């Protein structure tokens, strides 16, 4: 698909990203997302972070649990270092621009694009896809709306979401071309860091997931120090010592996962980890990793627990964030309506 003519720096740098509040946050969420969100905030870039509760209901959610998980996720963002005064933090359903723009994009995107999405295929594998929700199928159009409602230029994403961002770029390009405008940016992915894809502690070939039936497969942001240490001690490894060079981690997914986690927690490279621990057995490396994980994650857990004692304050923060988000998105979506040819009363 041809992309529209777009002059360099036509759009101000703005970062958007979101996390589904459909279960407890994990170490994978922290290292793969929250830690990087804080880094971008601290770089002075305009940052918008969203708890995408509308995406969560593409599969059925218990309403009481969804509210609880949304507040817990907000507490996790704040405890990890997101400052609601410097970043915009809100939950998606409070800003109607997301749903409105998603409908426009449903009419721009093609069925074939959606059907090729790997996550759609994975989530409907082995079952009758006709029983899946229409929302699950159209999920990428809503994700594109989340991003482009703010004309976000950059999105920190994990590898598993990169295909959806590529579709967002296609939707932006098609909209611009269809209407002869240079309205939406062609958003760039931000994929970086040693542990952007944290793997399961029980299987280094699978992503660490809050939906994994085994709690031993992940470190939750709500785990206490003893639980974190115990899970790392029981993490799957192999009988060989750590190598001194990165090439030695080839075909050793469990070892590579623990090295990457150590590197991300310590803000060093995997090569530096191996320079310090090469030749060590896991019997000595795991305790060092456990101590590091507890020192980094412990304060986050403590702060999350404190924040969750006052859910009214969390609701207030999300409400204020939604007002700020709406102030950006509303004019953009109104202009989309004008471009598409819809009549909008200026009295509304």
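Grab the Cα-Cα distance for residue 234 and residue 339, subtract it from 0.36 nm times how many residues apart they are, and report the gain in nm with one decimal. Numbers along the way, then the final one.
Working: separation 105, 0.36 × 105 = 37.80 nm, distance 5.72 nm.
Result: 32.1 nm gained on full extension.
Against the main long axis of the alpha-carbon atoms of the chain, helix 311-340 sits at an angle near 40°.
Semi-axes of the equivalent ellipsoid for segment 80-134, computed as √(5λ) from the eigenvalues of its C-alpha gyration tensor and ordered from largest down, come to 30, 17, 11 Å.
Fewest first, what order do 289, 249 take by the number of other Cβ atoms within 10 Å?
Details: 289 23, 249 19.
Exposure proxy ranking, most exposed first: 249, 289.
Nearest 10 degrees is fine. How inclined is helix 97-108 to the longest principal axis of the chain, computing both from alpha carbons? Computed tilt is about 80 degrees.
Across the alpha-carbon set of the chain, the Rg to Rh ratio works out to 0.99, Rh being the Kirkwood radius.
Label positions at residue 106 and residue 280, each projected 7 Å from the Cα along the C-beta direction, are separated by 5.3 nm. One compactness figure for segment 215-306 is 1.09, namely its Cα radius of gyration divided by 2.2 N^0.38 Å.
For 197, 86, what's the fewest-to-most ordering of other Cβ within 10 Å of each Cβ?
Numbers: 197 16, 86 12.
The fewest-first ordering by Cβ neighbours comes to 86, 197.
What FRET efficiency would be calculated for the residue pair residue 133, residue 43, taking the C-beta separation as r and a Förster radius of 51 Å, to the nearest 0.05? Mind dumping the intermediate values first?
On the way: r = 38 Å, r/R0 = 0.74.
Once rounded, the FRET efficiency stands at 0.85.
Against the chain, whose longest principal axis is taken from its Cα atoms, helix 63-80 shows a tilt of about 70°. For segment 212-238 versus segment 308-343, the inter-centroid distance based on Cα atoms is 37 Å. Residues within the reach of a label modelled at residue 163 (point 7 angstrom out along Cα to beta-carbon, backbone nitrogen below 16 Å), restricted to segment 89-128, are 110-127.
Determine, for 37, 11, the number of other Cβ atoms within 10 Å of each Cβ, and report the residues in order from fewest to most.
Numbers: 37 22, 11 17.
Ascending number of Cβ neighbours within 10 Å: 11, 37.
A short reminder: the numbers here are calculations on the coordinates, not readings from a lab. The model shown is predicted, which means the values in this text are computed figures rather than measured ones. Note that we place each Cβ from the backbone using ideal geometry, even for glycine, and neighbour counts take in every protein chain shown.
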